[in-house]
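See below for the structure under consideration.
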Amino acid sequence: MQHTVSIALMNDAELSSAIKSEARRLGFELSGIAPAVSPDGLSAFHEWLNRGYDGEMTYIGGREAAYAHPSGVLESVRSIVMLAINYRTADTPASEPGSARVSRYAWGSVDYHDLIRKKLQQLADVMHQQRPGCRTRCVVDTAPLLERDFARLAGLGWFGKNTMLINKRAGSWLFLAALLTDQTLQYDEPHETSHCGTCTRCLDACPTDAFPEPYVLDARRCISYLTIELRGPIPAELRPGMGDWLFGCDICQDVCPWNNKAPRSDEPAFDPVPDLYPADAIALLGLSDDEFRERFRHTPLWRPKRAGLLRNAAIVLGNSGDTRALPALTLRLDDKEPLIRGAAAWAIGRLGGPQEAACMRARLEHEEIAHVAAELSAAIRAIEAKSNQ
């Protein structure tokens, strides 16, 4: 009973401290509290949308107005508890022919949204115990909230030139999350300075030139967008730059000096699953719908669905130069998904010879989807050009 009285008597500063203490216990690497105000980056966000850099992510522009203030997420909101959890586990694995790289955040056995949401709900319980009747809202990626802006406002770090939030101690291998509340809390000082200096390693390393200028990302050229968000064929001119990236991309973070000494996460759910560290692109091409669902239903790799993931696997194999992939790619010329058929044709055009060209001619006679027929024709021409050299 004495413990209950103690909680009830907490003032704003004491409650803020208790929330941060509980956040650390739950495994959040960083925590800070910001007032619920219009985000500083709102005009830059509108400009980003106006330039079309969101690509096919129309769900962002569709609720553009809601980003103007956190009240679009929680009415009567006064405070935002910003949190970051570290997902750096093992080192990047060595790449071999036929292997495919998965972004570090998806190496684990769970969807990080589910794991973090449970932690946020536990943190929200603290608020409700200490301020009965208060309102809260847990946010992990999915709400119209500029989390990165509020993370800076809460003192968690600065924006790198690759648009990632960077913390001096923790680097940028961080999932951001937010707990919104209608209660007044004690606010932290914003992080006002940048520590990137003249460094441009992240910009220089991008193989698809996705940064038109520092601090601005053209998602339409970003490998993460291409492999996860884009639902149609990946533009042919960007496919070679994808290299062996199957899902997401870590290049601009891998080269960032602030990540050299980033701490390791002790969250076991983020530990790499062997078949994603790295992935076997040839094996992935053989997945049926049911096998894909069983393997990836509760992981981040579910998002591009089977069609998107196998499209990506085919492009990885086309970039690999490994002719051992040809039998698996040829089988996918008859896949029910046009997206997979087209990507398989492109890859065969880079790896195959006269025998594979004959298979594609036979397939072309029955192909009814225009963009797949175009991929087949282009792949046949590519093989013929190689044969005539």
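The values are calculated or read from the model by the stated rules, or taken from the named source; none is laboratory data. No experiment lies behind these values; they were computed from the predicted model shown. We place every Cβ from the backbone using ideal geometry, glycine too, and count neighbours over all the protein chains shown. All accessible areas refer to the heavy atoms of the entire protein, side chains included, with ligands and DNA or RNA removed. Shrake-Rupley method; radii C 1.70, N 1.55, O 1.52, S 1.80 Å.
Some values worked out for this structure:
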item	result
Of the trypsin sites (Lys or Arg not before Pro) in the stretch 60-90, those whose Cβ has at most 15 other Cβ within 10 Å and which sit in DSSP loop	63
Listed residues 363, 104, 152, most fluctuating in the chain (Gaussian network, C-alpha, under 10 Å)	363
Net charge dipole size for the stretch 233-389 [Lys, Arg +1 and Asp, Glu -1 on Cβ; Debye, nearest 20]	260
FRET E, pair residue 59, residue 366, Förster distance 25 Å, beta-carbon r, rounded to 0.05	0.10
Degrees, to the nearest 10: 12-26 long Cα axis against longest axis of the chain	40
Over 21 Å between alpha carbons, listed pairs 118/161; 336/386; 168/261; 20/118	118/161; 336/386
Extension reserve of the residue 17-residue 125 stretch, reckoned as 0.36 nm per residue once the Cα distance is removed	37.4 nm
Among 76, 31, 224, residue whose mean-square fluctuation peaks in a GNM of the chain (springs only between Cα atoms under 10 Å)	76
Accessible area (Å², per residue) of the chain, counting only protein heavy atoms and a probe of 1.4 Å	45
Potential extension, residue 213-residue 201 segment - 0.36 nm per residue separation minus Cα distance	3.0 nm
The chain: angle of helix 370-387 to the longest principal axis, Cα-based, in degrees nearest 10	60
Answer label for P(r) over Cα pairs in 20 Å bins from 0, in percent (calculated), chosen among (1) 26, 51, 20, 3, 0; (2) 24, 43, 24, 9, 0; (3) 25, 44, 26, 5, 0	(1)
Isolated Cys residues of the chain, judged by Cβ distance under 4.7 Å to other cysteines	134, 138, 196, 199, 206, 222, 249, 256, 359
Computed E for residue 336/residue 388 - FRET, C-beta separation, R0 41 angstrom, nearest 0.05	0.75
The stretch 177-282, accessible surface, carbon-and-sulfur percent (1.4 angstrom probe)	52
